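Below is one structure, written out as structure tokens; the observations come after it.
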Amino acid sequence: MSFSIYSFLMAVLWSSVFVLLLCLCRRSRNLIVCLGVWPLLGVIVCTLARCFFPLEMLSFTHVVMGSELVTRVDDFLTSPVPGLAVTPLQFGGVVWILGSVFFFVRFLWSYGKFRKLLYSFVPLEEDDGSPYGEAQALAEQMGLPGFTIYMTGIVRSPTVTGFFRPIVLFPLYPYSSEDYQNALEHEFTHWINRDIWVKLLVELLRDIFWWNPLVYLLKYDLNQTLELKCDLAIAKKRDLDGRVQYVRTLESTAFYAKNKEGNFFEMFAIAELSLDGGKRLMQRADAILNYEHRPRRIALAMAFTSLIMAVLMIFSYSFVIQPCYEPPREEIEEPIGDGFYTGLSNKDSYLQKNEDGSYSVIHEGNVVASVSEDFAQFLHEYDYKIIDN
């Protein structure tokens, strides 16, 4: 395996293609209702893998020479700017690194601020009643190691955070006991699925590829994909009446949250029980209410998605596009006599097998070199004719 600027650009290209594929799949009602979220998750996995492994397989990847436009773009990027000893590619690399450092530092600063904010809250205790009582029973049922709950007015929606222990933040909304039960099951399911780790990985991807607008689209669609995944996991365990009550909790949360502003710490939490009362909520409600648990269909969806994405991943590594240049004369030409040089091709040259078993390269009637039998066979594979002397 090897890495080059061209393999990196191919990784950016293919990951962008996968993001567009994710957007198309996520907007398909029939796909989600029939196959669930497995196609979406498969595309997300391939997107992340292609971004973080921009490599060429030496025995597998083929070099494809690009068009004249590719060559011109490469010339522009690698030629020094007039009056400066720097190329546009080098300048862009410096800007990219500085931008990534800025976003990464901002991420660490925001996380520190978020942790400080959490420590300023007073957690609910067992004597505080709802929603602690609902959470305690549900945590035991779902096998959680423990939990912490805060009631605060700074969040727009019930939110779960904590990489090693679930921390749930509830907004000060007039929830019923059933609403608390639905919201807690939703947030605990997110934590069990390790969705916050997935969100952190995409956040870091955004910090690295901050200049690619499709990364922001990936982040936007990832949130909806994780919500659909969580919703369907809950719908699987409920009858129609239970799913209707769950959707009502989503709708009431969207209604309460519509006039509240977002928070800087949503990058460290799964904070979308229901923040959007428009098409995104309608898509979720449709998937929940029309859910049918069909293990065979899910197994087929997983197998089909895995096969398609595996084929696409293999194909994405099968070639790399590079600019086309004429190689320097000294790299492709051999001396003939004193000071005369020429290029060889199978159109004007051939191999002559001598009586002693050696081979000579004949160019325009002149013997220009003697070669071994192995090298003669190598040239023969490239359509150089072999003629007996």
Highest mean packing first, using Cβ neighbours within 10 angstrom, the peptides 300-308, 247-255, 169-177 sort as 247-255, 169-177, 300-308
How big is the antiparallel share of DSSP beta bridges in the chain, given as a percent to the nearest 5?
-> 60
Considering region 96-180, what Rg and Dmax in Å follow from its alpha-carbon atoms?
-> 16.0, 52
What size of dipole, in debye to the nearest 20, comes out for the chain about its Cα centre when the only charges are +1 on Lys and Arg C-beta atoms and -1 on Asp and Glu C-beta atoms?
-> 2120
May I have the convex hull volume per residue, in Å³, for the Cα set of region 15-109?
-> 197
With a cut-off of at most 12 other beta carbons within 10 Å, and DSSP calling the residue loop, which chymotrypsin sites (Phe, Trp or Tyr not before Pro) in region 353-389 qualify? Please list them.
-> Tyr382
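I need the helices of the chain that pass two filters: whole DSSP H segments spanning 30 Å or more by Cα along the axis, and mean Kyte-Doolittle score no lower than -1.0. Mind dumping the intermediate values first?
On the way: long enough: 5-26 (31 Å, 2.05); 88-119 (46 Å, 0.86); 213-235 (34 Å, 0.49); 295-316 (31 Å, 1.58).
Counting only whole DSSP H runs, the qualifying helices are 5-26, 88-119, 213-235, 295-316.
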Provide the gained length on full extension for the span Asn259 to Phe102, in nm with one decimal, where the gain is 0.36 nm per separating residue minus the Cα-Cα distance.
-> 53.4 nm
Report the calculated FRET efficiency for Trp109 and Met302 (r = Cβ-Cβ distance, R0 = 25 Å), to the nearest 0.05.
-> 0.05
The size of the Cβ-based charge dipole (Lys, Arg +1; Asp, Glu -1) of region 121-276 about the Cα centre, to the nearest 20 debye, is 520
Two-decimal log10 I(q)/I(0) for region 121-276, as the Debye equation yields it once each C-alpha is a single scatterer, q = 0.12, 0.14, 0.17, 0.19 Å⁻¹ = -0.50, -0.68, -1.01, -1.25
Between Gln136 and Ser318, what is the label-to-label distance in nm when each label sits 7 Å out along the Cα-to-Cβ direction?
-> 6.0
What ranking do 148-159, 47-58 get when scored by the average of other Cβ atoms within 10 Å per residue, highest first?
-> 148-159, 47-58
Simple SL model, points at 7 angstrom along Cα→Cβ for Asp239 and Phe60; separation in nm is 5.1
Roughly what would the spin-label model give for Val95 and Ser176, points 7 Å off Cα along C-beta, in nm?
-> 5.6
Would you please state the base-10 log of I(q)/I(0) at q = 0.10, 0.13 1/Å for the chain, with intensities from the Debye formula using one equal scatterer on every alpha carbon?
-> -0.79, -1.13
Which Cα, out of Met142, Val202, Phe3, lies furthest along the positive dipole direction of the chain (beta carbon charges, K/R +1, D/E -1)?
-> Met142
Can you figure out the FRET efficiency of Ile5 with Ser345, using R₀ = 22 Å and their beta-carbon distance, to the nearest 0.05?
-> 0.15
Over 15 Å, how big is the tail of the calculated P(r) for region 277-323, in percent of all Cα pairs?
-> 68
When ranked by the protection proxy of mean other Cβ atoms within 10 Å per residue, highest first, what sequence do the peptides 68-77, 223-232 form?
-> 223-232, 68-77
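Read-outs: derived from the displayed coordinates by stated rules, not from any lab. Not measured: the values here are computed from a predicted model. Here the Cβ is made from the backbone with ideal geometry for all residues, glycine too, and neighbour counts use every protein chain on show.
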